[in-house]
Each structure stands twice: as structure tokens, then as C-alpha cells.
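Undergrad: Can you read through this structure? Questions will come right after.
Where a number appears in this text, it was derived from the coordinates with a stated rule and is not lab data. This is a predicted model, so every value here is computed, not measured. No Cβ is skipped: glycine too gets one built from the backbone with ideal geometry, and neighbour counts run over all protein chains shown.
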Amino acid sequence: HHGHHMWPEIERVTMEQIHYARLSVEDSVGVWQLFAEEGEMKMYRREEEVNGMVIDPLKACHVVKGVTGHEVCEYFFNPQYRLEWEATVETTTVLEKIADDTLLFLQVHKRIWPASQRDALFWSHMRHVPDDKDQDGPDIWVVCNNSVDIPDLPANTGKCVRLYLTVCLMCQTFVDPPKDGAKVTRNDLTCKITYCSVVNPGGWAPPAVLRAVYKREYPKFLKRFTNYVIDQCQDKPILF
Ligand SMILES: O=S(=O)(CCO)c1ccc(-c2ccc(C3CCCC3)c([C@@H]3C[C@@H]3c3ccccn3)c2)cc1
């Protein structure tokens, strides 16, 4: 797939998003505001507007037991599971298989009152980031979603307003080695999840309205997704 014309952008954006995901909210540029906290899940946002449009960057940090980062990324990436956990997606279509680990999606989102209905055209790339030099480096899996403009699929021609997104789901897996060489079980697994997103809604909506939608929808979204993965994996062999 390295011959595909989108590959240089896919490579650049994915590496850039991994860099940002790895920055802790403490030492990132700009002020992150904790706007939601439920158990292990902490959600931060920065208030940013472009031409009066809310594009608040979001960073969510979550820790879940019993799954690996590979499993979390697989359920996020693979279109066959999408409609089972994505409550705000009406249709999802794979327009092109760029590679086994890279797909081009056209997605129509359900209308979230009072905003008008949105669609999104984006590539999605899943990658296992090799450990650092030493063996016990972090075991990281990521999925990066990034909007693209394609002349044959112009924005805002039908009923939907085209939104623009850059999303990164980064997962780090920790295994607590069981006593005396026993087999690793799901109880020994901890997955540290960092979800970063910047969504440009594509058309103007009142900032207070959009921020209310974000505040309500993002916690629901991440909780529903992670609970879905835990549920799907619990009686399956571990995918490291
Ligand atoms: O992680 S993904 O790549 C998963 C692929 O399916 C992804 C997540 C979220 C969105 C998304 C799409 C539309 C909207 C808004 C914009 C104006 C009116 C609706 C929002 C706002 C933030 C709120 C939101 C957050 C989460 C879920 C739904 N709604 C988010 C798109 C892709």
C-alpha cells in the first residue's frame, strides 16, 4: 500500500497524532479543561473556534481491564462491528480498501438536534507501533481517522453537511505477569486508552449548542465503545 497516493499523508498524520496522543494533558501546550469524569474515564477539551465555529480539541484518557490494545483497535477499526457500538452513525460505507490496515469510509451520522445532519469522508488506518529499542518498551496500537476531500465526492451536495475530523485512538497494553509462570488471563490485562479528536462541524452552529452536544455525546460514545469491546472479548482467546 506504500504506492497509494494517499500513503504519505496517512503516514505523516498517523505519526503526528501518535505524538500528540502521547503528550500528557499536564505538559501539553494550551489549557486542557477536565469536562467529564466517570470512574477511570477522564475527558478534557480545549475551547477553540475557527471562523466562529467550535472545533474544541478533545482528549479522553481511560483505563480498562481485561482487554488488549490490539483488541480495542480491531473493534474500532473493523467496519463489520461499527454499527453495533456507534449509536450516532446512520450508515457506514467502505469506499476503498487502501490496504488490509487502511480503509476509506463514507459515514452518514444521525441528525443530532438542533444541528443539521452530518456526513464524514475519511481514511482509517490501524497500526502497531513497534516497541522502543529495549524489549519492555510500550506495546502500542493505534487507529487514526482523518478526513479527506475527494473531487468525485464533493461536500455539501446532498442533505448532509460535511464534517471534518482528525481522530486518534491510542492503546497501551500492560500485562501483570501471573505467579509462577501461570498462563496470562484477562484479569492480568490493563489497557490504557487515549482518544483524541478534533471535529470541525463543517457548518456554523451556535457554540453553546455544539458544546452541549459534545459534553453529552463524547462520554456516552467512549463508555459505550469500551463496554462493547469488554463484552465482545470476555469469552474469546486474548489477541495480543
Ligand atoms: O471516533 S470516530 O472517528 C468513530 C467513527 O465513527 C467519530 C467520532 C465522532 C464523530 C462526530 C460526528 C458528528 C458530531 C456532531 C457535529 C455536529 C453535530 C454532530 C460529533 C460531535 C462531537 C459529537 C459526538 C461525539 C461522539 C459521538 C457523536 N457525536 C462527532 C465522528 C467520528
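Undergrad: So between Lys220 and Gln33, what do we pick up on full extension, going 0.36 nm a residue minus the alpha carbon distance?
TA: Taking 0.36 nm per residue and subtracting the Cα distance, the gain is 65.5 nm.
Undergrad: For the chain, set up a Gaussian network in which alpha carbons nearer than 10 Å are linked by springs, and say which option among Ala212, Ala115, Ala182 fluctuates the most.
TA: Maximum fluctuation in the GNM of the chain, among the listed residues, is at Ala182.
Undergrad: What dipole magnitude, in Debye to the nearest 20, does the chain give about its Cα centre under +1 on Lys/Arg Cβ and -1 on Asp/Glu Cβ?
TA: So the magnitude is around 820 debye.
Undergrad: Within the range 81-118, name every residue whose backbone N is under 11 Å away from a label modeled 7 Å from Cα of Glu11 along the Cβ vector.
TA: none
Undergrad: Of the listed pairs Lys65/Lys220; Lys42/Lys183; Lys65/Lys179; Lys65/Lys110; Lys59/Lys110, which have alpha-carbon separations greater than 28 Å here?
TA: Lys42/Lys183; Lys65/Lys110
Undergrad: Still on this structure, please answer the following. Fully extended, how many nm does the chain gain between Asp100 and Thr157 (0.36 nm per residue separation, minus their Cα-Cα distance)?
TA: 17.5 nm
Undergrad: Once all Cα-Cα distances of the range 1-74 are split into 5 Å bins that start at 0, what whole-number percent is in each one?
TA: For the range 1-74, the pair-distance distribution reads 3, 12, 15, 18, 20, 16, 10, 6, 1.
Undergrad: Return the sequence-ordered ³J(HN,Hα) values of the range 212-229 in whole Hz as given by the Karplus equation 6.51 cos²θ - 1.76 cosθ + 1.60 applied to θ = phi - 60°, using x for Gly and Pro.
TA: 5, 4, 4, 4, 7, 7, 5, x, 4, 4, 6, 5, 4, 5, 5, 5, 4, 5
Undergrad: Gln117: net charge of surrounding residues, Cβ under 12 Å, Lys/Arg +1, Asp/Glu -1, itself excluded?
TA: So the environment of Gln117 carries a net charge of +3.
Undergrad: Another question about this same structure. Between His2 and Trp204, what length comes free when the chain is fully extended (0.36 nm per residue of separation minus the Cα-Cα distance, one decimal in nm)?
TA: 69.0 nm
Undergrad: Here is a further query. Place +1 on the Cβ of every Lys and Arg and -1 on the Cβ of every Asp and Glu in the chain, take the dipole about the Cα centre, and give the residue among Thr157, Leu239, Val209 whose Cα lies farthest towards its positive end.
TA: The residue sitting most towards the positive pole is Val209.
Undergrad: Could you list which residues have their amide H under 5 Å from that of Tyr164, counting only those 5 or more apart in sequence or on another chain, with H placed in the peptide plane?
TA: Here Asn200, Gly202 satisfy the definition.
Undergrad: Under 14 Å from a point placed 7 Å out from the Cα of Val184 along the Cα-to-Cβ direction: which residues of the range 58-97 have their backbone N that close?
TA: 66-72
Undergrad: In deg cm²/dmol, rounded to 500, what helix-only [θ] at 222 nm does the chain give when every DSSP H run of at least 4 residues adds -39500 (n - 2.57) and the total is split over its residues?
TA: -8000 deg cm²/dmol
Undergrad: Using the Cα centre of the range 195-240 as the reference point, and only Cβ charges (+1 on K/R, -1 on D/E), how large is the resulting charge dipole? Debye, rounded to the nearest 20.
TA: Here the size comes out at about 200 debye.
Undergrad: A further question on this structure: Roughly how many whole Å is it from the C-alpha centroid of the range 1-63 to that of the range 180-239?
TA: The range 1-63 and the range 180-239 have Cα centres spaced 14 Å from each other.
Undergrad: Would you mind telling me which residue in His125, His70, His19 has the biggest mean-square fluctuation in a Gaussian network model of the chain, where springs connect alpha carbons within a distance under 10 angstrom?
TA: Largest GNM mean-square fluctuation: His19.
Undergrad: Okay, moving on. Rounded to the nearest angstrom and ordered from largest down, what semi-axes does the equivalent ellipsoid of the chain get from its C-alpha gyration tensor (root of 5λ)?
TA: Over the Cα atoms of the chain, the semi-axes work out to 30, 21, 18 Å.
Undergrad: Non-local amide H neighbours of Leu23 (under 5 Å, H modeled in plane, Pro and chain starts lacking H): which ones?
TA: Result for Leu23 returns nothing.
Undergrad: Also, I was wondering about something else. Given labels modelled 7 Å from the Cα in the Cβ direction, how far is it in nm from Leu23 to Glu48?
TA: 0.9 nm
Undergrad: Between Ser116, Ser147, Ser28, where does the largest GNM mean-square fluctuation fall for the chain, given springs only between Cα atoms within less than 10 Å?
TA: Judging by the Gaussian network model, the answer is Ser28.
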